[in-house]
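Working notes for the structure below.
The values are calculated or read from the model by the stated rules, or taken from the named source; none is laboratory data. It should be emphasised that the depicted structure is a prediction, and the values quoted were computed from it without experimental measurement. Counting neighbours? That spans all protein chains shown, and the Cβs are built from the backbone with ideal geometry, glycine included. With ligands, DNA and RNA removed, areas are computed over all heavy atoms of the protein, side chains included. Shrake-Rupley method; radii C 1.70, N 1.55, O 1.52, S 1.80 Å.
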Amino acid sequence: MFNVERTGSEVRKLKYNDSKCLGCGICTEVCPTTSLRLGPVVPIARGLIEMDLLSVNADSCVLCGLCSVACPFDALSLTIDGTPIKEMDNYPTWEVESEICDDDCVYCGRCSIACPRDAILFERKLPDRESLLRGEINIDDEKCIYCGFCEELCPPGAITISNVPTSSVDLMNNSIEVDTSKCVYCGICKRVCPQDAIIEICSTCMLQDQIEVPEITGTTYIVKDSCVNCSWCAEICPVDAVNVTKPFAGKLEVVETEESVCKGDSCHACQDVCSCNAVDIVDGKAETNLSFCNLCGACISACPQHIRELTRTSMKLTNINSESWNECLNKILDE
Amino acid sequence: MAVKIDSDVCGHIENCPVQGLCIKLCEQGAIIEEDGDVKIVPENCDDCDLCIQNCPNQAISKA
């Protein structure tokens, strides 16, 4: 976390938020005064060094804001008189998004589990189990010997037996209770009861026409501040309810040479720095699934063998109005 | 091929900014601590070069 601030005819302030930084180094590529420096991303990712991924030379920074608009992950923000330049009409903006369509979402929650950034908040309301079932269950206290067979075997744990004497005066102070909100009328208790003390009838199938299946409701929400547009949510969604626009189009390849080859499990630097969980070590080699990769490029500089090659062919940074800024920002692309 | 450490530049754990980062980074056991100093075990080295790339003193190079 750093701030660079200077007051002249206007107040300019550059804020760096390390929690949003992926260590990609795009900002260092576009900085015209080479004031930004990327730290040791692999040791930081492994928790061996506690420091920010990015540092700034505040003396040489001219507060131009190029890094702020170039960062697709909003880790850097330049404000002029309190207003972020990314909110100003004449400055470039990233047209990226990750959106969940409420009408299509079935609240399965798979996106929330898959998200490598824990950026998806998810909750749902399921109907009460008893509203989906019909049946009856009764236990004859006179016949029950509190053996506990039914309690132990009951699949949903609906039976509670108290069969330990709590008083020397009243040895048979026992009880058996069925929680009908849990009982599914499966009949296992009835079948296992040595005393024939349980009466259980399931009428769910017979009465199925009368049982209304309620709509499942919920909320699935992507926290923009944590999302890096990796597309895990969109890829894993079984009903295509998620739309992700990634910051870049292009490719990432591993080009091995005679001297430099991927060391896979020995190294796994690329896997450690990947914010998208897009890298796996398969058969001793790092494999990147581009479906989940946002082409940030953090793995490129992390690879000690320098065999990862990133080619960004286009980006969703729009509204670049100045020719000189266009020249600087196009350094992010490779064509 | 393994790696070698330039003894003049190396922080020898005690003066290393991360107290032996290379030892912590190497999961192959090719760089170990012995008598308070850094020691290379060449037979364990997989030539991944992680240590070379990340040494804060740039003291490690190819043997």
Residues that are without any contact (Cβ under 8 Å) to a residue 24 or more places away in the chain, exposed (fewer than 15 other Cβ atoms within 10 Å of the Cβ) and out of contact with any Asp or Glu (no Cβ under 8 Å at 6 or more places or on another chain), drawn from segment A:150-166: A:Glu152, A:Ser162, A:Val164, A:Pro165, A:Thr166
Candidate set: segment A:253-279, residues that are of a type in the set (A, V, I, L, M, F, W, C) and out of contact with any helix residue (DSSP H, G or I) (no Cβ under 8 Å at 6 or more places or on another chain); chosen: the one surrounded by the most Cβ atoms within 10 Å (Cβ to Cβ): A:Ala278
Hits in segment B:4-29 - residues which are modelled with pLDDT under 95, touching an Asp or Glu at 6+ places or on another chain (Cβ under 8 Å) and open to solvent by less than 50 Å² (accessible area, probe 1.4 Å): B:Ile13, B:Gly20
Some residue of segment B:4-14 being within 12 Å of chain A (Cβ to nearest Cβ) and either out of contact with any helix residue (DSSP H, G or I) (no Cβ under 6 Å at 6 or more places or on another chain) or farther than 19 Å from A:Gln305 by Cα (or both): no
Lone unmet requirement of (1) buried (at least 21 other Cβ atoms within 10 Å of the Cβ); (2) under 26 Å from A:Ala269 (Cα atoms); (3) among the small types (Gly, Ala, Ser) for A:Ser98: (2)
The listed residue being of a type in the set (D, E, K, R), within 24 Å of B:Cys22 (Cβ to Cβ) and not assigned by TED's automatic domain parsing to the domain that holds A:Glu29, out of A:Lys251, A:Lys331, A:Lys263: A:Lys263
Single residue of A:Ala249, A:Ala286 found to be within 14 Å of chain B (Cβ to nearest Cβ) and either open to solvent by 60 Å² or more (accessible area, probe 1.4 Å) or not in a helix (DSSP H, G or I) (or both): A:Ala286
Selection count where residues are in a strand (DSSP E or B) and β-branched (Val, Ile, Thr), scope segment A:167-185: 2
Residues of segment A:18-44 satisfying the condition of being closer than 19 Å to A:Asp74 by Cα, open to solvent by less than 50 Å² (accessible area, probe 1.4 Å) and touching a residue at least 60 places away in the same chain (Cβ under 8 Å): A:Lys20, A:Leu22, A:Gly23, A:Cys24, A:Gly25, A:Ile26, A:Val30, A:Leu38, A:Val41
Residue check for A:Val244: among the hydrophobic types (A, V, I, L, M, F, W, C), open to solvent by 20 Å² or more (accessible area, probe 1.4 Å) and either part of a helix (DSSP H, G or I) or away from every other protein chain (no Cβ under 14 Å) (or both): yes
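Matching residues to (1) open to solvent by less than 70 Å² (accessible area, probe 1.4 Å); (2) in contact (Cβ under 8 Å) with a residue 40 or more places away in the chain; (3) of a type in the set (A, V, I, L, M, F, W, C):
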position: A:Ser168; (1), (2), (3): no, no, no
position: A:Asn173; (1), (2), (3): no, no, no
position: A:Glu177; (1), (2), (3): no, no, no
position: A:Cys183; (1), (2), (3): yes, yes, yes
position: A:Ile188; (1), (2), (3): yes, no, yes
position: A:Val192; (1), (2), (3): yes, yes, yes
position: A:Gln195; (1), (2), (3): no, yes, no
position: A:Glu200; (1), (2), (3): yes, yes, no
position: A:Thr204; (1), (2), (3): yes, yes, no
Residues being more than 9 Å from chain A (Cβ to nearest Cβ) and closer than 27 Å to A:Gly264 by Cβ - total across segment B:17-29: 4
So B:Pro42, is it within 10 Å of chain A (Cβ to nearest Cβ), open to solvent by 60 Å² or more (accessible area, probe 1.4 Å), in contact (Cβ under 8 Å) with a residue 24 or more places away in the chain and not small (Gly, Ala, Ser): no
Selection within segment A:295-318 - out of contact with any Phe, Trp or Tyr (no Cβ under 7 Å at 6 or more places or on another chain) and part of a loop (DSSP other than H, G, I, E, B): A:Cys296, A:Gly297, A:Cys303, A:Pro304, A:Gln305, A:His306, A:Ile307
